[in-house]
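Since the structure comes first, as structure tokens, the remarks are kept for the end.
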Amino acid sequence: MQARRSKADLLCFFFFLGHWRQQGNWPCNRYYPQVRNLALQYPKSPLNNGSPFLIYLTARSAERGAEAVNTLSNDPQLKQARALAQDGGPTTIKFYELDISQTSSIQGFRDFLQKQHPEGIDIAINNAGIAMQGFDSHVVQTTLQTNYYGTLEATQDLLPLIRQGGRLVNVSSMSGKLNKYSDEVRKAFLAAADSGDVDACTALMERFKTAAAEGREKEDGWPSAAYATSKAGETAFTKAVAVQEAKRSRGVLVNACCPGYVNTDMTRGGGTKTPDEGAQTPVMLALQDIGGRTGGFWQSEKEIEW
């Protein structure tokens, strides 16, 4: 079990919210349960040493971010549990405007955290993502920019800020499993992930972009699916980053997960899990004892084969 922190430390959690492009929907029912469950589970978490729990919820839209914080501040479950500081609990939720598809925005967030929290942060969960209908070069480029390149850049910029024994969780998807690829592409993904070679993961995304632009992705062993491929890349680089981080001996656990087929706007009401059920795996990886495991791909609170 992870060592408990000194009470002089402030446990901070940073949550990326709000990149979603599917018929213009704002995915509040997808994200609120994750923040809610973080606040509800923190008091009994092995990481809780009596320190305040600060959550930064981020979005591209300041208006929607403020709406999200207000909704959570009045959430009935959080009120009943007295989880928030306004009701006598340990958790405070704040908002920061962030667009992870823009390098300047990511760097601005990093600089803000370094200034406001020079002692470092403890947990980062990256749940930003876009899903677009159709398949063409524009869809591929736009999807990869947020789901792969933006997520990777945010991971690389924030990971050095995470203190010893912290957690980093990237929310990926079962759609990124490797059974849709040719043997050559699948082996290349596994080799890049297992060796800790992030550049090789990025090279694979570049290969996919080129193949899609030339209309030969299927011939080259790729599916005609921008979202799924971006999530395969996200899982791959998360595993690679975990290999790199393990060599630093800081005890920071880095994992990817799929929340499951959740009944949200994203699945158009067809999901088999409630939003609260979908929140359980990322929240577990952030707050609970996972036996020191890192570099895994998780679903339904279990590590599974990628």
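The values are calculated or read from the model by the stated rules, or taken from the named source; none is laboratory data. This structure is a prediction, so every number in the text was calculated from the model and none was measured. Methodologically, a virtual Cβ is constructed for each residue, glycine included, from the backbone with ideal geometry; neighbour enumeration extends over all protein chains shown.
Before moving on, here are some points about what is shown:
- Candidate set: segment 25-69, residues that are surrounded by fewer than 15 Cβ atoms within 10 Å (Cβ to Cβ) and closer than 15 Å to T91 by Cβ; chosen: the one modelled with the lowest pLDDT: N49
- The criterion of at least 2 residues that are in contact with a helix residue (DSSP H, G or I) (Cβ under 7 Å, 6 or more places away or on another chain) and of a type in the set (V, I, T) is met, among helices (runs of 4 or more DSSP H) falling completely within segment 62-153, by 103-116, 137-144.
- Top-ranked residue of segment 169-199 - restricted to ones that are among the small types (G, A, S), in a helix (DSSP H, G or I) and in contact (Cβ under 8 Å) with a residue 24 or more places away in the chain, ranked as surrounded by the most Cβ atoms within 10 Å (Cβ to Cβ): A193
- Looking across segment 84-120 at every residue that is in contact with a Lys or Arg (Cβ under 9 Å, 6 or more places away or on another chain), of a type in the set (D, E, K, R) and in contact (Cβ under 8 Å) with a residue 24 or more places away in the chain, the one that is nearest to I162 (Cα to Cα) is identified as E119.
- Single residue of segment 202-223 satisfying the filter (without any contact (Cβ under 8 Å) to a residue 60 or more places away in the chain, hydrophobic (A, V, I, L, M, F, W, C) and within 16 Å of D183 (Cα to Cα)) that is surrounded by the fewest Cβ atoms within 10 Å (Cβ to Cβ): W222
Residues are listed down the side, and each one gets a yes or a no for (1) under 16 Å from Q299 (Cβ atoms); (2) at pLDDT below 80; (3) aromatic (F, W, Y):
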{"position": "A240", "(1), (2), (3)": "no, no, no"}
{"position": "V243", "(1), (2), (3)": "no, no, no"}
{"position": "S249", "(1), (2), (3)": "no, no, no"}
{"position": "V252", "(1), (2), (3)": "no, no, no"}
{"position": "G260", "(1), (2), (3)": "yes, yes, no"}
{"position": "R268", "(1), (2), (3)": "no, yes, no"}
{"position": "K273", "(1), (2), (3)": "yes, yes, no"}
{"position": "E277", "(1), (2), (3)": "yes, no, no"}
{"position": "M284", "(1), (2), (3)": "yes, no, no"}
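- Here T58 fulfils each of the conditions (1) in a strand (DSSP E or B); (2) β-branched (V, I, T); (3) in contact with a Cys (Cβ under 9 Å, 6 or more places away or on another chain) apart from (3).
- Residues of segment 128-149 that are under 11 Å from E234 (Cα atoms) and either touching a residue at least 60 places away in the same chain (Cβ under 8 Å) or polar (S, T, N, Q) (or both): G129, L144, T146, N147, Y148.
- Filtering segment 212-234 for residues that are modelled with pLDDT of 95 or more, closer than 15 Å to T151 by Cβ, in contact with a strand residue (DSSP E or B) (Cβ under 8 Å, 6 or more places away or on another chain) and outside any loop (DSSP other than H, G, I, E, B) leaves a non-empty set.
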